[in-house]
Structures are given as structure tokens and as C-alpha cells.
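Structure record follows, encoded as C-alpha cells.
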Amino acid sequence: MLAVYPQADLYSLVDFLEPEQRGFIQHKAVQTSLIQRLPFARSKFRQYLPLMPLAIEQFDMSAYDLVISSNHAVTKGVITGPNQLHICMCYSPIRYAWDLQHQYLRESGAGRGMKGWLVRWMLHQLRQWDYRTANGVDHFIAISEFIARRIWKVYRRRATVIYPPVDVNAFEVVTAKQDFYLAASRLVPYKRMDLIVAAFAHLPDKRLVVIGDGPEMKRLQGICPPNVTLLGYQPFPVLKDHLQRAKAFIFAAEEDFGILPVEAQAAGTPVIAYGRGGSLETVVAGKTGVFFPEQTVAALGTAVQDFEVKQEGFDPMQIRQNAERFAIERFRAEFQTFVEQAWARFHRGERLED
């Protein structure tokens, strides 16, 4: 978005980027919120979630005609007036406050006892604030049809889908695949890496490589069979090399969009994915991958066996072509066109329809 509008000012709840990490925001100065100055904010800023709605509302946007919020939680709550156009790029309504609340409480262990009731009350209050502040957004952009449906369900607002940018040009197609499967992600519960590892415990003649680190690492180490290799965190060149050489990439999460399955396809690597969420929009069944219908060991195992039978029919160049639908240049063009058309209608005083 900054590449499209490099003159824009930048606001964020917190900014702890090191100098060498600031290239993607063009080394801009960032206006931060009160949370930036609170104790332990650098390492524990997520613990200040109850304060984030208040913090985002303190940003003074009155000098701007156009405000673009990049939102996965509270950013869309920034206050704007009737003479300002507010466009929200929404990655999802707050997942842990809406349809995934019960899963979040169960997986985090935060739903028990008095603490659990306090967390539930806080999420209840957050839902009310989240719904109310949706009225301050003039146009929603969703990162997938799946998220557009979630936006409609939560806010009763229509959203235009513009798929996120994926750097497909960072990958080369390797046609000679090697005899291993790859799974990679942050090792957190909803990614279901435990399911993938458990499935390969029942496929002893198949080899799996897992890249990633996170709180699930110890548990995965405890259930890891001999045919599964846990590499932990790896730098991008190592991840890229494995994505290009793997016979297939395995993805078991119900994801809002899912960047890694697209990156795998950019390398000409087919995907075995859970058939829910964004994967249904990025993977083409029978042409760039296969789906499994349930997050179970049996369903994933069946999908792997099905892929083994069909793998010779997957064309790496056709798989790459599918990934190019999500290229960076496409995103920039669609995003700029959307913003400029929305601004033109707003400037003419046309009534907003959504």
C-alpha cells in the first residue's frame, strides 16, 4: 500500500522495528499510540489488548481527506468525519472475539476460572466496540471471498475482494521434485501442524520436513516419528529451497488467505490443503493440488495417498501460472484503481451504497 501511496503518513499502535527492518515501510517515521510507552510493550504489547480501542481512537486524523486502515483487530476504529473517506483493508474481523472465540479460549487455556470469565467479558465488550466502529468505515476491502463472508456475517457490510500481494517472482519453478513432503508455518495450535505430523506417523514410507518455530515445538517433538524431520525456524533461502524441491506442500489450517500455499505454487509445487477458508480460492483441485474435507488424520492420510496416485498429472508450469494471479503488480493495480474510484465517487458527493 505504501508503494502505491509513498507520500502517505504512517500511524501504528506500536513501532519496535530495528533500523535494518524498516525498508518495507520506506524508513518512514511512525506516529505511535500511548501503548508504545507502557511497561514491557516491546515484548508483551498483545497483553494491552483491552487498551487498544482507546489507544486507536486517540489518533487525530482531522488533517486527512483519505484514511486507509490496515486492519486485523482495532485499526478500523480510528475516528473520521463526514468529510473524510475511510477505506479499510480488512484481513479479518477479530477472529478471537467472534466465531473463533471458543477455539481461542480452549487452545490458550484462558477460558477457565475467574480469569476465564474476565477474558470472556473483555471479548464481549470488544465485540460491541468492533461492531460499532464498522460504521465509521466507508468501504471495506477483504483479502478473500472467505473474509468477505465473515465481514458480512459480523458487520453486515459488503466488501470488495482484493487478494493480498505475493512475491511470486522470488521463486523459480523446479520441475524435478524430490521425494519428500513439506509443511511450514508458525507452530501455533490453529495451524494444525500436530495433525500433519500425526498423519505421517501413519504413513511410515513417506517423508515429511517441517519448517517453523513456536509454542507447539515441544509437543511436536514429543510425537515426531522417524520419517518426520523438524527443522525449526529457517531463513527464507532455506524455506525457498524446500518449497521448490518438495513433491507437495501440506497445509492443514483454515486460513483467511494463506500466503505459503501460493508461494509453493509459485515454485511449481502442488498443494495438499484443508478444504476450507482461503485455500479454496488459491488452490485449484486436480490442477494445482488436492483437498481433504476434515481436519483429521484419516482425511489427510487419504489425501496424501490420492496425491501419490495423481502426482504425475500435475504440471509445474500450470501450477506456477495459477500463482501468478496473486502477484504484487496485480495487487498494486487493483488497490490503486479501487481507491481512486472510491475517491472520485466520494468527491462527487455520490451516496455510498455499502
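Overview of values
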{"item": "Selection count, the range 188-209, where residues are at pLDDT below 95 and in contact with a Gly (Cβ under 7 Å, 6 or more places away or on another chain)", "result": "1"}
{"item": "For residue 212: the one exception among (1) at pLDDT 95 or above; (2) in contact with a helix residue (DSSP H, G or I) (Cβ under 9 Å, 6 or more places away or on another chain); (3) surrounded by fewer than 16 Cβ atoms within 10 Å (Cβ to Cβ)", "result": "(3)"}
{"item": "Within the range 291-354, helices (runs of 4 or more DSSP H) holding 3 or more residues that are small (Gly, Ala, Ser)", "result": "297-310, 328-347"}
{"item": "Number of positions in the range 240-278 that are small (Gly, Ala, Ser) and either assigned to a loop (DSSP other than H, G, I, E, B) or more than 23 Å from residue 178 (Cβ to Cβ) (or both)", "result": "9"}
{"item": "Test for residue 304: is it touching a Leu at 6+ places or on another chain (Cβ under 7 Å), assigned by TED's automatic domain parsing to the domain that holds residue 184, over 22 Å from residue 177 (Cβ atoms) and of a type in the set (Val, Ile, Thr)", "result": "no"}
{"item": "Every residue from the range 220-239 that is in a helix (DSSP H, G or I) and in contact with a Leu (Cβ under 7 Å, 6 or more places away or on another chain)", "result": "220, 221"}
{"item": "Residue 299 being under 19 Å from residue 185 (Cα atoms) and either buried (at least 18 other Cβ atoms within 10 Å of the Cβ) or assigned by TED's automatic domain parsing to the domain that holds residue 181 (or both)", "result": "no"}
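Conditions (1) over 24 Å from residue 120 (Cα atoms); (2) in contact (Cβ under 8 Å) with a residue 40 or more places away in the chain; (3) surrounded by 15 or more Cβ atoms within 10 Å (Cβ to Cβ); (4) touching a Lys or Arg at 6+ places or on another chain (Cβ under 8 Å), marked per residue:
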{"position": "12", "(1), (2), (3), (4)": "yes, no, yes, no"}
{"position": "22", "(1), (2), (3), (4)": "yes, no, no, yes"}
{"position": "33", "(1), (2), (3), (4)": "yes, no, yes, no"}
{"position": "39", "(1), (2), (3), (4)": "yes, no, no, no"}
{"position": "47", "(1), (2), (3), (4)": "no, no, no, no"}
{"position": "53", "(1), (2), (3), (4)": "no, yes, yes, no"}
{"position": "67", "(1), (2), (3), (4)": "yes, no, yes, no"}
{"position": "71", "(1), (2), (3), (4)": "no, no, yes, no"}
{"position": "77", "(1), (2), (3), (4)": "no, yes, yes, no"}
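The values are calculated or read from the model by the stated rules, or taken from the named source; none is laboratory data. On a predicted model such as this, the values are computed, not experimentally measured, just so you know. Note: ideal-geometry Cβ built from the backbone for every residue, glycine included; neighbour counts use all protein chains shown.
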